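Shown next, in structure tokens, is the structure this report addresses.
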Amino acid sequence: MATNIECLKWNTTSFKPSNVLDYTEYTLALKPSHWLNLKTKGNTIKLSHLGLTQRLASLDNLNNLYVYDWSKAGLKTIKSKYEHNSKLTNLASNSSGNQIVTCSDNGKIQLWSFKFSSLKMLTEFRGHYQCARNVEYSVDNNYLISCSNDKTFKIWDCQSNKFIASNMFHRNWVNIAKFFKEDKLVVSCSKDSYIQVFDCCSGKCVIKFNLSPDFAESLSLKEEFSIAVGTQLGSIQIFDLRALKVLQKYSEHTSQVNCIQYQYRTPCLVSVSKDKKLNVYDTNEGRFLYSIDHFNEIKSMNISSDDKLLATTSFHFDNEITLWKAETLKI
């Protein structure tokens, strides 16, 4: 394990043990209540709330993009189709909620604009020479990071749509990569079993975690130092960059974890899996809270940035998205 963590030297946050963390509300500590069902033509493979707006973007397996808007009376659905031979593989939205990015199995990246209740593709540029598996915005929305079966992740300028940098340190598919620590770090997970942390200033890998024989399929980052991953064998592991080791491990899932996400304001962690279960964990106390069974494999879920809504796939039907309202528990 690499221990050269000079890239963390600008951190000024003091460490707080879990018993002194001050959380006043747990919005997913109690099971959420079913609120709304949204229909799709195909099976939904990715969900993303559009910033603080009352809108949700989704991508299905038929290359259809949807934006659901419940900000006014009644539900409005905006739909657009990617009319190309390649298949869209993933979707993300910026924190402002006015732009969506997708990636496809031919390695291209697509930028979409959502304005005046219309969804339109702005531009498309080639990112990789093999299937692009995931794409994400930076915290400040100025950059994109994409990852691919070509064993790289690449960074792009959102304004100019130009290539900035590429990483070629992984030895197998890069499943997911995200910016971290005010965009100063990148955390990437690969089928080569490694989680790697890169310093964007030096371009060097500064920390490695080895999950062998397992590997991470999904990734979520929290606060200053917590890295949570969901693995192909069904475990959830939480790493701490200060301790350079696994602090928590959960084994409630019996199959691949497809998606994992921290709540924004609480220590609750949510995961969904091929085993048709949505699980919620309290990472403050290090314990499993509850499961919600679904009709079929849950390919995606997403928590709104105010922590009040949770969107999941396949609760009753494969071509349906379910919105849940989180219950608030004050402590």
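The values are calculated or read from the model by the stated rules, or taken from the named source; none is laboratory data. Quick caveat: nothing in here was measured; it's all calculated off a predicted structure. So basically every Cβ, Gly included, is an ideal-geometry build from the backbone, and we count neighbours across all protein chains shown. Only protein heavy atoms, including side chains, enter the accessible area calculation; ligands, DNA and RNA are left aside. Shrake-Rupley method; radii C 1.70, N 1.55, O 1.52, S 1.80 Å.
Just to be sure before I move on: is S188 assigned by the TED database to the domain that holds K178 and either without any contact (Cβ under 8 Å) to a residue 12 or more places away in the chain or open to solvent by less than 10 Å² (accessible area, probe 1.4 Å) (or both) in the structure I sent? Spell out the reasoning first.
On the way: assigned by the TED database to the domain that holds K178: yes; either without any contact (Cβ under 8 Å) to a residue 12 or more places away in the chain or open to solvent by less than 10 Å² (accessible area, probe 1.4 Å) (or both): yes.
For S188, the condition - assigned by the TED database to the domain that holds K178 and either without any contact (Cβ under 8 Å) to a residue 12 or more places away in the chain or open to solvent by less than 10 Å² (accessible area, probe 1.4 Å) (or both) - is met.
Scanning segment 281-303 for residues that are open to solvent by less than 10 Å² (accessible area, probe 1.4 Å) and under 16 Å from the mean Cα position of the chain (by Cα) turns up I298, S300, M301, I303. If I ask for residues that are among the hydroxyl-bearing types (S, T, Y), at pLDDT 85 or above and in a strand (DSSP E or B), which ones from segment 94-148 would you list? Across segment 94-148, the qualifying residues are T102, S104, S113, T123, Y137, Y143, S146, S148. So, E182, is that one in contact (Cβ under 8 Å) with a residue 60 or more places away in the chain and outside any strand (DSSP E or B) or not? No: the conditions fail for E182. Looking at the structure I just gave you, is I109 open to solvent by 10 Å² or more (accessible area, probe 1.4 Å) and either out of contact with any Phe, Trp or Tyr (no Cβ under 6 Å at 6 or more places or on another chain) or over 17 Å from I321 (Cβ atoms) (or both)? Criteria not met by I109. The single condition among (1) part of a strand (DSSP E or B); (2) open to solvent by 10 Å² or more (accessible area, probe 1.4 Å) that P213 does not satisfy is (1).
If the condition is being within 15 Å of L309 (Cβ to Cβ) and open to solvent by 10 Å² or more (accessible area, probe 1.4 Å), then segment 263-278 contributes Y264, R265. When segment 221-239 is filtered for residues that are surrounded by fewer than 18 Cβ atoms within 10 Å (Cβ to Cβ) and over 14 Å from L269 (Cβ atoms), the ones remaining, listed by number, are E224, L233.
So that you can scan it fast, the table gives a plain yes or no per residue for (1) assigned to a strand (DSSP E or B); (2) modelled with pLDDT under 90; (3) crowded, with 16+ Cβ neighbours inside 10 Å; (4) of a type in the set (S, T, Y):
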residue: T53; (1), (2), (3), (4): no, yes, yes, yes
residue: L56; (1), (2), (3), (4): yes, no, yes, no
residue: L59; (1), (2), (3), (4): yes, no, yes, no
residue: Y68; (1), (2), (3), (4): yes, no, yes, yes
residue: G74; (1), (2), (3), (4): no, yes, no, no
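So which strands (runs of 3 or more DSSP E) stay within segment 230-288 end to end and still have 1 or more residues that are touching a residue at least 12 places away in the same chain (Cβ under 8 Å) and acidic (D, E)? Spell out how you get there, then give the answer.
Numbers: elements: 236-240, 245-250, 257-262, 268-273, 277-282.
Here the list reads 236-240, 277-282.
Can you find even one residue in segment 150-160 that is farther than 20 Å from K184 by Cα and touching a strand residue (DSSP E or B) at 6+ places or on another chain (Cβ under 9 Å)? Yes: segment 150-160 contains one or more residues that are farther than 20 Å from K184 by Cα and touching a strand residue (DSSP E or B) at 6+ places or on another chain (Cβ under 9 Å).
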